[in-house]
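Report on one structure; see the data block that follows.
The values are calculated or read from the model by the stated rules, or taken from the named source; none is laboratory data. A quick note: this is a predicted structure, and the numbers were derived from the prediction, not measured. Cβ placement follows ideal geometry from the backbone for every residue including glycine, while neighbour counts extend to all protein chains displayed. When the accessible area is computed, the model is the full protein with side chains, heavy atoms only, and any ligands, DNA or RNA have been set aside. Shrake-Rupley method; radii C 1.70, N 1.55, O 1.52, S 1.80 Å.
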Amino acid sequence: MALAPVPQQLVRMQIQVGDTPLAVEVADTESLREQGLSGRDSLPEGQGMLFVFEQDGLWGIWMKDMRFPIDIVWADASGTVITIAPGIAPDTYPNSFYPTAPARYVLELPAGFAAAHDIAIGSKIVI
């Protein structure tokens, strides 16, 4: 009899984006990244989800099964923000959003968070 796979748990950690501390859940496997924030009702202020990829790429993000808008922030391997897509709404699905250059990290935040905390291209994410 085969054992059912153990559900993967999201690791929680503190990071800093620009001058702002942030509690994130880390999606660092294909299945965790695919699930993302889908099916949740909200993302509390001061929290986010950090997608970590093994290599740099033009990682696309979509709003499949999302219930609230988010800011999407892409950063390169050094943690420098390279692209921000603010206020992306669930009704944009099935469209995908991409960075302007290869990224290693994608940070999903509550809509409006990036502007409210002066997160801009060139800001640093410190993990």
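Numbers for the structure displayed
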read-out	value
Which listed residue, of D19, D56, D71, is at pLDDT below 95 and closer than 17 Å to I125 by Cα	D19
Members of the range 92-112 found to be exposed (fewer than 15 other Cβ atoms within 10 Å of the Cβ) and either assigned to a strand (DSSP E or B) or touching a helix residue (DSSP H, G or I) at 6+ places or on another chain (Cβ under 9 Å) (or both), listed by number	S96
Given (1) of a type in the set (A, V, I, L, M, F, W, C); (2) assigned to a strand (DSSP E or B); (3) touching a residue at least 60 places away in the same chain (Cβ under 8 Å); (4) open to solvent by less than 40 Å² (accessible area, probe 1.4 Å), index of the condition V26 fails	(3)
Tabulated pairs, the range 107-127, first farther than 23 Å from M63 by Cα, second part of a helix (DSSP H, G or I) and modelled with pLDDT of 95 or more, C-beta under 9 angstrom, 6+ apart or interchain	S123/A114
Matching option when the condition is of a type in the set (S, T, N, Q) and in contact with a Pro (Cβ under 8 Å, 6 or more places away or on another chain), among T20, T83	T83
Subset of the range 58-82 (residues that are of a type outside the set (V, I, T), open to solvent by less than 10 Å² (accessible area, probe 1.4 Å) and farther than 16 Å from P110 by Cα)	A75, G79
Lone unmet requirement of (1) more than 17 Å from D118 (Cα to Cα); (2) touching a residue at least 40 places away in the same chain (Cβ under 8 Å) for M66	(2)
Evaluation of E54 against (1) open to solvent by 10 Å² or more (accessible area, probe 1.4 Å); (2) not in a strand (DSSP E or B) (one fails), failing number	(2)
Unique match (being open to solvent by 60 Å² or more (accessible area, probe 1.4 Å), more than 23 Å from R12 (Cβ to Cβ) and small (G, A, S)) among A115, A120, A89, A85	A115
